[in-house]
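Here's the structure, in structure tokens; my notes come after.
The values are calculated or read from the model by the stated rules, or taken from the named source; none is laboratory data. These numbers come from a predicted model, not from an experiment. Cβ: placed from backbone, ideal geometry, glycine included. Neighbour counts: every protein chain shown. The protein model used for the area step is the full one, side chains on, heavy atoms only, and it has no ligands, DNA or RNA in it. Shrake-Rupley method; radii C 1.70, N 1.55, O 1.52, S 1.80 Å.
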Amino acid sequence: MSVEVPGVADAAALRAALGGWRARGERVALVPTMGNLHAGHFSLLDLARNHAARVVVSVFVNPTQFGPGEDFSRYPRTLAEDRAGLARHGCDLLFAPAVETMYPLGLDAAVRVHVPGLSEVLEGAQRPGHFDGVATVVARLFNLVQPDVAVFGRKDYQQFLVLQRMVRDLAWPIELLTAPIVREPDGLAMSSRNRYLDADQRARASVIHATLGRMRESLVAGAPYGEVEAAACSQLEDAGLACEYAVVRNARDLSLPTDAAPRVALIAARLGSTRLIDNLEV
Ligand code: PAF
């Protein structure tokens, strides 16, 4: 028997739902998502449940983090299935707001949050404005839900660093957690965008994870960064992917790597019109 997850769509209903928990002193976790939930999202929910008595999941396809020509209009919206999955994974409340709830003044007049530096490199360079949209919507979600804990996936590695900096700089008393990437059996990181791939592209997409593995091996063997990055891009291109970047960076702030600090290998590649990202800590 599956129990319906209570859902709210506006700020007043959200406040009412949270009020009772707060009055009882229960810790609240937020898992922000854009829906089309898969095992990767459910692992965030499981982690959230270990850190809070109550788990709120938000489902909102945020228009401000998509650039012109990106996949905002075709991004999969599967709220009924998401709701059934959330019931199976012990979510206490679904917050699925309309655009007007998240951006009451309209998109153009909305106050924006910008995290300088980190927002401009790698994903930020390929997708100008993307992280302003992410920081802005997450700031709004944090103000609406006022969670004690928020959980994000490590596949969006740079996103986590941007949000961590935002939370620290704005002194929000929110603990941010990340959960490991959940992968398909062939290594492809789970992503809502995988469903855009046709069978041939899907078969080739596993090269991204394989390439990250080779990058890590080469780094451990002491190969120079430039060589590791060039070889990775060639490996992706040989498999028919367009390499946007395949780089090694300082894992804490994405600055250029040194052997002394923890490092992370990051890839963004295109298969046809589908853009996929992945990473591996070294
Ligand atoms: O990672 C995502 O799904 C989104 O960027 C987020 C954090 C839910 C903001 O829209």
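Please enumerate the residues belonging to the range 93-118 that are small (Gly, Ala, Ser) and either within 29 Å of LEU45 (Cβ to Cβ) or touching a strand residue (DSSP E or B) at 6+ places or on another chain (Cβ under 7 Å) (or both).
Listed by number, the residues that qualify are ALA96, ALA98, ALA110.
Hey, among the residues in the range 77-107 that are in contact with a helix residue (DSSP H, G or I) (Cβ under 7 Å, 6 or more places away or on another chain) and β-branched (Val, Ile, Thr), which one's farthest from TYR196 (Cα to Cα)?
So the residue we want is THR101.
From (1) of a type outside the set (A, V, I, L, M, F, W, C); (2) within 23 Å of LEU197 (Cβ to Cβ); (3) open to solvent by 20 Å² or more (accessible area, probe 1.4 Å); (4) within 15 Å of the chain's Cα centre (by Cα), pick out the condition that doesn't hold for ARG74.
For ARG74, the exception is condition (4).
Return a yes/no flag: does the range 40-61 have any residue that is hydroxyl-bearing (Ser, Thr, Tyr), open to solvent by less than 20 Å² (accessible area, probe 1.4 Å) and under 17 Å from ARG193 (Cα atoms).
No.
Out of the range 53-65, which residues are assigned to a loop (DSSP other than H, G, I, E, B) and more than 10 Å from the ligand (Cβ to nearest atom)?
ALA53
Looking at the structure I just gave you, is ALA230 open to solvent by 20 Å² or more (accessible area, probe 1.4 Å) and modelled with pLDDT under 95?
no
Of the numbered conditions (1) assigned to a strand (DSSP E or B); (2) surrounded by fewer than 18 Cβ atoms within 10 Å (Cβ to Cβ), LEU107 fails exactly one; give the number of that condition.
Failed condition: (1).
State yes or no: is GLN158 in contact (Cβ under 8 Å) with a residue 40 or more places away in the chain, away from the ligand (no atom under 13 Å from the Cβ) and closer than 22 Å to THR274 by Cβ?
No; evaluated as a whole, the condition is false for this residue.
ALA125 versus (1) of a type in the set (A, V, I, L, M, F, W, C); (2) open to solvent by 20 Å² or more (accessible area, probe 1.4 Å); (3) not in a helix (DSSP H, G or I): which is the lone unmet condition?
Among (1) of a type in the set (A, V, I, L, M, F, W, C); (2) open to solvent by 20 Å² or more (accessible area, probe 1.4 Å); (3) not in a helix (DSSP H, G or I), the lone unmet condition for ALA125 is (3).
I'd like to check something: does the range 98-111 contain any residue that is modelled with pLDDT under 95 and out of contact with any Phe, Trp or Tyr (no Cβ under 6 Å at 6 or more places or on another chain)?
No - not one qualifying residue is present in the range 98-111.
Looking at the range 77-100, which of its residues are open to solvent by less than 30 Å² (accessible area, probe 1.4 Å) and within 13 Å of the ligand (Cβ to nearest atom)?
Hits for the range 77-100 are ASP82, PHE95, ALA96, PRO97.
How about the range 128-151: which of its residues are under 21 Å from LEU18 (Cα atoms), open to solvent by less than 20 Å² (accessible area, probe 1.4 Å) and within 12 Å of the ligand (Cβ to nearest atom)?
Correct list: VAL137, VAL138, ALA139, LEU141, PHE142, ALA150, VAL151.
Which of the residues spanning the range 244-282 are surrounded by fewer than 21 Cβ atoms within 10 Å (Cβ to Cβ) and touching a Ser or Thr at 6+ places or on another chain (Cβ under 9 Å)?
Selection gives ASN250, ALA261.
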